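Student: Provided herewith is a single structure, encoded as structure tokens, for subsequent inquiry.
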């Protein structure tokens, strides 16, 4: 398929240079040789570097250390970390341990960000003992099927990165590199992928190897070609999926380099933030607390669960919520709530059972004639109604109360908040640590809307 001029222009900027490829691969090969000299494990490069699908300037390299499947998980962890430490020290790297399903070592070697990851050398992806065991099979599959599509994959990756929908982490909930590769191969190129995506509907199913083995309920289902029990797009949210659909439609209508580059967007200043917030006339509240000592994959879903539960509490208490969002920082987390009202009347109506329901009606009447109320119980349209006092008339007081612990908070979020949390309101929500997050919240727009604002002025 003939490429449009803007795609060729983009490719000239994002293809890794031969020198860059050789440099990264040479370091990777040295690391592989070092692992295998140990006699403890085999090694291989995985990920985009191994598949030549990395965008110019990406400095990530993944080396997987493949251990005997007979090892226990404890032995894999112990031996894998010991070997990774030894390799990192041999190369004079700065390094730290990180944790996914099991620990691995992240090192900086010759300006490259390198992960040394232990896994099991299982015979097939359907026999994995840990999630990372699947990754070598992904690399082998893409290498066997990517002929002729490398440039298309680069375009797809850059398109999703610039659109803000790249990354399968829990904060982004977008497209992984492997998902971009599988989709590009399945549809036969970048442009065919966009043409198909422009017509996607919720529940779209793609089964490149026609496994047809398992049903999934995700918005986009891409059966892993090496493991029919896995959806490659499981991390993709409905919002990110349809932001990609929007971008595909916009690009097909008006191809432009703007779809492949995202100009830096400096965060708002405190003063501008305050002015924009005042203009909205809404009521913003933030809750901050110490970041739990767990990986984002563990913490972020708990932040979302907690914020959702608090939203329900706010709305049950009479405070209508416009939007919420969460952010996990290095030291602190923030839950953000934009309310349509920050205060409510002291009185609220409580609708009781139909008077015709003798048992329930009797219990309701007996309960509230014994309590202090503003009015009632009285009968209205065949039901009992009572006007009672609210526990909280100010949202800030509710958010500062222990009532938060009566809702379904994430386990580690609850533990952190029990050590203390801070509530701020309005312009006081501004926090330099969360400047980008707060700015994005107030200036939220879809990827295509953002592009049109810059190209259609």
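Student: Identify, by number, the condition in (1) under 22 Å from the mean Cα position of the chain (by Cα); (2) part of a loop (DSSP other than H, G, I, E, B) that residue 147 doesn't meet.
Tutor: (1)
Student: Give me the helices (runs of 4 or more DSSP H) completely within segment 183-282, filtered to those with at least 1 residues that are closer than 27 Å to residue 338 by Cα and assigned by TED's automatic domain parsing to the domain that holds residue 297, ordered by residue number. I'd like the intermediate steps shown before the answer.
Tutor: Working: elements: 190-197, 238-253, 270-280.
In segment 183-282, 270-280 are the helices (runs of 4 or more DSSP H) which contain 1 or more residues that are closer than 27 Å to residue 338 by Cα and assigned by TED's automatic domain parsing to the domain that holds residue 297.
Student: Do we find a residue being modelled with pLDDT under 95 and either closer than 27 Å to residue 436 by Cβ or part of a loop (DSSP other than H, G, I, E, B) (or both) anywhere in segment 338-346? Steps first, answer last, please.
Tutor: Here is the first cut: in segment 338-346, the ones modelled with pLDDT under 95 are none.
No, every residue in segment 338-346 fails to be modelled with pLDDT under 95 and either closer than 27 Å to residue 436 by Cβ or part of a loop (DSSP other than H, G, I, E, B) (or both).
Student: Of (1) crowded, with 16+ Cβ neighbours inside 10 Å; (2) within 24 Å of residue 173 (Cβ to Cβ), residue 312 satisfies all except one. Which?
Tutor: With (1) crowded, with 16+ Cβ neighbours inside 10 Å; (2) within 24 Å of residue 173 (Cβ to Cβ) applied to residue 312, the lone miss is (1).
Student: Any residue at all in segment 391-405 that's free of Cβ contacts under 8 Å to residues at least 60 places away in the same chain, closer than 17 Å to residue 286 by Cα and in contact with a helix residue (DSSP H, G or I) (Cβ under 9 Å, 6 or more places away or on another chain)?
Tutor: Here is the first cut: in segment 391-405, the residues free of Cβ contacts under 8 Å to residues at least 60 places away in the same chain are 393-394, 397, 400-402, 405.
Filter again for closer than 17 Å to residue 286 by Cα, leaving 394, 397, 400-402, 405.
With in contact with a helix residue (DSSP H, G or I) (Cβ under 9 Å, 6 or more places away or on another chain) added as a condition, the list becomes 405.
Yes, segment 391-405 has at least one match.
Student: Also: Restrict the check to segment 159-167 and report whether at least one residue is buried (at least 24 other Cβ atoms within 10 Å of the Cβ), at pLDDT 95 or above and out of contact with any strand residue (DSSP E or B) (no Cβ under 8 Å at 6 or more places or on another chain).
Tutor: yes
Student: Residues of segment 262-276 being over 30 Å from residue 14 (Cα atoms) and either in contact with a strand residue (DSSP E or B) (Cβ under 6 Å, 6 or more places away or on another chain) or surrounded by fewer than 20 Cβ atoms within 10 Å (Cβ to Cβ) (or both), which ones?
Tutor: Within segment 262-276, 269, 270, 271, 272, 274, 275, 276 meet the criteria.
Student: Yes or no: segment 53-76 includes at least one residue that is assigned to a helix (DSSP H, G or I) and either buried (at least 16 other Cβ atoms within 10 Å of the Cβ) or on the phi > 0 side of the Ramachandran plot (or both). Please lay out each step first, then the result.
Tutor: Let us first name the residues in segment 53-76 that are assigned to a helix (DSSP H, G or I), namely 73-76.
The next check asks that each one be either buried (at least 16 other Cβ atoms within 10 Å of the Cβ) or on the phi > 0 side of the Ramachandran plot (or both); those that pass are 76.
Looking for residues that are assigned to a helix (DSSP H, G or I) and either buried (at least 16 other Cβ atoms within 10 Å of the Cβ) or on the phi > 0 side of the Ramachandran plot (or both), one finds at least one in segment 53-76, hence yes.
Student: While we're on this one: Report whether or not residue 397 is assigned by TED's automatic domain parsing to the domain that holds residue 279, in contact with a strand residue (DSSP E or B) (Cβ under 8 Å, 6 or more places away or on another chain) and at negative phi. Spell out how you get there, then give the answer.
Tutor: Details: assigned by TED's automatic domain parsing to the domain that holds residue 279: yes; in contact with a strand residue (DSSP E or B) (Cβ under 8 Å, 6 or more places away or on another chain): no; at negative phi: yes.
It is false that residue 397 is assigned by TED's automatic domain parsing to the domain that holds residue 279, in contact with a strand residue (DSSP E or B) (Cβ under 8 Å, 6 or more places away or on another chain) and at negative phi.
Student: Same structure again: Looking at segment 212-229, which of its residues are surrounded by fewer than 18 Cβ atoms within 10 Å (Cβ to Cβ) and closer than 19 Å to residue 170 by Cβ? Give the derivation first.
Tutor: So in segment 212-229, the residues surrounded by fewer than 18 Cβ atoms within 10 Å (Cβ to Cβ) come out as 212-217, 228-229.
Listed by number, the residues that qualify are 216, 217.
Student: Only one of 376, 382, 420 is modelled with pLDDT under 95 and at positive phi. Can you tell me which? Walk me through how you get there before you give the answer.
Tutor: Details: 382 fails: modelled with pLDDT under 95; 420 fails: modelled with pLDDT under 95.
Result of the check over 376, 382, 420: 376.
The values are calculated or read from the model by the stated rules, or taken from the named source; none is laboratory data. Since this is a predicted model, take the numbers as computed values, not measurements. Every residue, glycine as well, gets a Cβ built from its backbone with ideal geometry; the counts of neighbours run over all protein chains shown.
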